[in-house]
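Written out below as structure tokens is the structure these notes cover.
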Amino acid sequence: YKYFHIEGGQKKTTPAMNIGSAVHTLALEPDLFHESYYILPADVRRDKRSKAYQEHLDKAQERTIIREQELVDIQNMAKALSENKKAVTLLKASGFIEASIYWKDEQTGLDLRCRPDFLRSDGVVIDLKVTNSAEPFKFMKTAYDLCYDVSAAMTAFGYEALYGEPLKEYIFLCIEPKAPHIIEAYSTLQEFDEDLTYMRVGQERLDRALTGLADSMKRDYWPSYASKIQPLAVPQYELNKMER
């Protein structure tokens with residue numbers, strides 16, 4: 001946090017991240033697509049030493065550059081979303097697309113912001129995710145490792161701060177980047193265990209994160225993985241080999 005948000009460190013985007021953002025735009029805000037993205041012809045190499053590439057960089061200006069083949073994949077994903085009954089049911093509604101919500105956290109005093117992909121007028125949030133696998137077990141691991149639960153909790157927190165009532169539902173709408181572009185949807189408010197929801201886990205992790213951030217800002221102390229020297233262990237599978 002300190003490096004990126006206080007010291008001004010720059011996060012690098014990857015082609016996969018650019019494709020994911022482009023799918024969001026083409027599926028949710030198609031009129032803005034060519035304002036945000038520049039299509040690089042297939043016969044032009046992405047080499048800054050190349051005069052042809054430099055000419056296209058000048059034409060692109062501030063727009064994100066994507067290749068022609070990437071555009072085909074993006075268009076196919078957007079088309080799949082427009083033809084999938086589950087996706088159509090979730091996306092064909094009135095609401096706000098990528099509108100920011102700002103509020104102050106009463107417990108820590110931190111200024112917070114969230115930017116849901118699609119905040120429907122009925123209090124349902126749709127979070128569109130391009131993911132290598134939408135299969136339940138694999139996406140479960142991806143979502144937890146990338147803290148999607150914390151992001152969902154932040155949005156729910158912001159919604160309640162803005163409207164004074166709980167969010168009705170928060171759904172991950174997942175699409176795979178490779179054909180046939182399988183689409184699945186996952187609820188964060190349905191119980192997956194007794195009295196336990198994905199949103200509740202995210203709220204607990206978010207609470208710890210905000211409390212830790214507020215403490216770090218107050219003390220100007222930014223811990224890494226641990227606060228003290230730890231013993232270096234051996235992976236359990238190697239220990240199992242030794243016991244054979």
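The values are calculated or read from the model by the stated rules, or taken from the named source; none is laboratory data. What you are looking at is a predicted structure, and each value in this text was computed from that prediction instead of being measured. Neighbour counts are summed over all protein chains in view; Cβ atoms, including those assigned to glycine, are modelled from backbone coordinates with ideal geometry. Just so you know, the surface numbers come from the protein's heavy atoms only, side chains and all, with ligands and any DNA or RNA stripped out. Shrake-Rupley method; radii C 1.70, N 1.55, O 1.52, S 1.80 Å.
Is it the case that Lys129 is open to solvent by 70 Å² or more (accessible area, probe 1.4 Å), at pLDDT 95 or above and either in a strand (DSSP E or B) or under 25 Å from Met17 (Cα atoms) (or both)? The answer is no for Lys129. Residue count for the stretch 17-48 satisfying the condition of being in contact with a strand residue (DSSP E or B) (Cβ under 8 Å, 6 or more places away or on another chain) and not hydroxyl-bearing (Ser, Thr, Tyr): 13.
Restricting the first member to the stretch 133-150 and to residues that are more than 18 Å from Gly20 (Cα to Cα), and the second to residues that are open to solvent by 100 Å² or more (accessible area, probe 1.4 Å) and modelled with pLDDT of 95 or more, no beta-carbon pair is closer than 6 Å while six or more apart or on different chains.
For first residues located in the stretch 1-15 and over 20 Å from Ala209 (Cα atoms), partners that are of a type in the set (Asp, Glu) and in a helix (DSSP H, G or I) and lie 6+ apart or on another chain with Cβ distances below 9 Å form the pairs Pro15/Glu70.
In this structure, does Lys92 turn out to be closer than 21 Å to Tyr170 by Cα, of a type in the set (D, E, K, R) and either in contact with a His (Cβ under 6 Å, 6 or more places away or on another chain) or exposed (fewer than 12 other Cβ atoms within 10 Å of the Cβ) (or both)? The answer is yes for Lys92. Quick check: is even one residue across the stretch 192-202 hydrophobic (A, V, I, L, M, F, W, C), farther than 30 Å from Phe4 by Cβ and assigned to a loop (DSSP other than H, G, I, E, B)? Checked against the condition, which is being hydrophobic (A, V, I, L, M, F, W, C), farther than 30 Å from Phe4 by Cβ and assigned to a loop (DSSP other than H, G, I, E, B), the stretch 192-202 yields no hits at all. One residue alone among Ala80, Ala152, Ala87, Ala99 is open to solvent by less than 50 Å² (accessible area, probe 1.4 Å) and in contact with a Ser or Thr (Cβ under 7 Å, 6 or more places away or on another chain), and that residue is Ala152. In the stretch 33-74, the qualifying residues are those that are free of Cβ contacts under 8 Å to residues at least 12 places away in the same chain and closer than 25 Å to Ile182 by Cα, and the one that is least open to solvent (accessible area, probe 1.4 Å) is Phe33.
Among the candidates Phe137, Phe118, the residue that is within 26 Å of Thr89 (Cα to Cα) and loosely packed, with under 12 Cβ neighbours inside 10 Å is uniquely Phe137. Taking the stretch 160-175 as the range and being in contact with a strand residue (DSSP E or B) (Cβ under 7 Å, 6 or more places away or on another chain) and within 16 Å of Ile101 (Cα to Cα) as the test, the residues that pass are Ala161, Leu162, Leu167, Tyr170.
Which condition number in (1) more than 19 Å from Asp111 (Cβ to Cβ); (2) among the aliphatic types (A, V, I, L, M); (3) surrounded by 15 or more Cβ atoms within 10 Å (Cβ to Cβ) is the one that Met217 fails? With respect to (1) more than 19 Å from Asp111 (Cβ to Cβ); (2) among the aliphatic types (A, V, I, L, M); (3) surrounded by 15 or more Cβ atoms within 10 Å (Cβ to Cβ), Met217 is out only on (1).
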